[in-house]
Amino acid sequence: FEMDGTPITSYGNPQQDGPALTALALMEIATVLPESAQAANPFLNYLCTSQANEPGFDPWEFSAGQIFFGKNLARRALRKARASGAFSENADQFQERESELESELEYFWDDQLGHLVSGRDLMIQEMGYVSNLDIGVVGSSLLAFDVEDDFMNVDDERLLATMQKIESEFVEKWPINVSWRDAGRVGFGICRFPEDMNDGIYSSGGNPWTFATLWAAQYYLALAKRLEH
C-alpha cells in the first residue's frame with residue numbers, strides 16, 4: 001500500500017504471501033521478544049479478509065491468479081498463531097479461515113499432471129510458464145515446517161509426487177548437472193520452474209538456483225523428521 005492507504009496495483013502486486021511471511025517472522029521473533037507477537041495481529045487479521053483471497057502474483061512475479069505458495073503460508077501462519085496461545089481472542093476466526101484454506105489447497109492437486117500446481121485460475125503467465133510445476137510449492141511447506149502438522153506436510157503423497165516431478169525435470173538439465181552426475185556424484189541443481197530462462201544476467205536458458213537447491217535438501221531433511229515423528 002501507498003503511505004495514504006491506497007493499494008499498489010502495478011505489475012507484480014499484490015503478492016498475497018507477504019502478510020503471511022511477515023506474521024510468521026514476527027511470531028518467530030516473539031519466541032525471544034514476546035511483546036512482538038501483537039505486531040503480527042494486523043497481518044493475521046488481514047489473512048481472514050476477502051481481500052486476502054483475491055488473485056495475486058506468485059513469488060517470482062511470473063504468474064497471477066490463485067497461488068499455492070501464498071495460501072499454504074497463510075494457513076500455516078494462522079495455525080501457528082492458534083498454537084501459540086497469544087491470539088486467543090481471534091482463535092475461532094483463525095481456525096475457521098484455516099479450515100477454508102485447507103479446502104482451497106486441495107484444489108491445487110492436478111490428477112492429469114500428477115503434481116500440485118503452483119497456480120489456479122491464472123490470468124497472467126509469463127516465460128511460457130505452462131507446466132505449473134514450481135519449487136515454491138515445496139518451499140512453502142518448509143518455511144513454516146511443523147513436524148506435528150498432519151495437513152499436506154512433506155510426507156503427503158502429493159508433495160512427494162511434486163518433488164519427484166521437479167527432480168525429473170532437472171536431473172539432466174544444464175551441463176553442470178550432467179557432468180556432476182557423470183562424475184559419479186549424487187544430487188544436482190534445482191531451478192525455480194522448468195520454463196525459467198533467467199540465468200541471473202540474461203534469459204539464455206536458466207540455471208540452478210542456490211535457494212531452490214537448498215529447498216530440495218531441506219525437503220528431505222524435513223521428510224526424515226516427519227517419518228521419524
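The values are calculated or read from the model by the stated rules, or taken from the named source; none is laboratory data. Just so we're clear, the structure is a prediction, and the values are computed from it rather than from any experiment. Positions of Cβ are generated from backbone atoms using ideal geometry, with glycine treated the same way; all protein chains shown enter the neighbour counts. Accessible surface is based on the protein model in full, side chains and every heavy atom, while ligands, DNA and RNA are left aside. Shrake-Rupley method; radii C 1.70, N 1.55, O 1.52, S 1.80 Å.
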Close pairs from the range 48-73: first more than 23 Å from Leu142 (Cβ to Cβ) and touching a residue at least 12 places away in the same chain (Cβ under 8 Å), partner open to solvent by 10 Å² or more (accessible area, probe 1.4 Å) and in a helix (DSSP H, G or I), Cβ under 6 Å, at least 6 apart: Cys48/Gln93; Cys48/Arg97
Identity of the residue in the range 146-161, hydrophobic (A, V, I, L, M, F, W, C) and part of a loop (DSSP other than H, G, I, E, B), that ends up surrounded by the fewest Cβ atoms within 10 Å (Cβ to Cβ): Val147
Qualifying residue in the range 60-82 (condition: surrounded by 16 or more Cβ atoms within 10 Å (Cβ to Cβ), modelled with pLDDT of 95 or more and assigned to a strand (DSSP E or B)): yes
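Against the definition (touching a helix residue (DSSP H, G or I) at 6+ places or on another chain (Cβ under 6 Å) and either modelled with pLDDT of 90 or more or surrounded by 18 or more Cβ atoms within 10 Å (Cβ to Cβ) (or both)), how does Leu33 come out, yes or no? I'd like the intermediate steps shown before the answer.
Details: touching a helix residue (DSSP H, G or I) at 6+ places or on another chain (Cβ under 6 Å): no; either modelled with pLDDT of 90 or more or surrounded by 18 or more Cβ atoms within 10 Å (Cβ to Cβ) (or both): yes.
So Leu33 does not fit the description; no.
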Checking Gln125 against (1) open to solvent by 80 Å² or more (accessible area, probe 1.4 Å); (2) closer than 17 Å to Leu223 by Cα, the condition it does not meet: (2)
Matching residues, the range 177-229, being farther than 26 Å from Gln125 by Cβ, of a type in the set (Phe, Trp, Tyr) and buried (at least 18 other Cβ atoms within 10 Å of the Cβ): Phe188
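Hey, among Glu172, Glu126, Glu157, which residue is more than 15 Å from the chain's Cα centre (by Cα) and modelled with pLDDT of 95 or more?
Values: Glu172 fails: modelled with pLDDT of 95 or more; Glu126 fails: modelled with pLDDT of 95 or more.
Going through Glu172, Glu126, Glu157 in turn, the sole match is Glu157.
May I ask you to list the residues in the range 129-145 that are open to solvent by 50 Å² or more (accessible area, probe 1.4 Å) and either modelled with pLDDT of 90 or more or under 16 Å from Ala217 (Cα atoms) (or both)?
We begin by selecting, within the range 129-145, every residue open to solvent by 50 Å² or more (accessible area, probe 1.4 Å); these are 130, 143, 145.
Leu143, Phe145 - these are the residues of the range 129-145 that are open to solvent by 50 Å² or more (accessible area, probe 1.4 Å) and either modelled with pLDDT of 90 or more or under 16 Å from Ala217 (Cα atoms) (or both).
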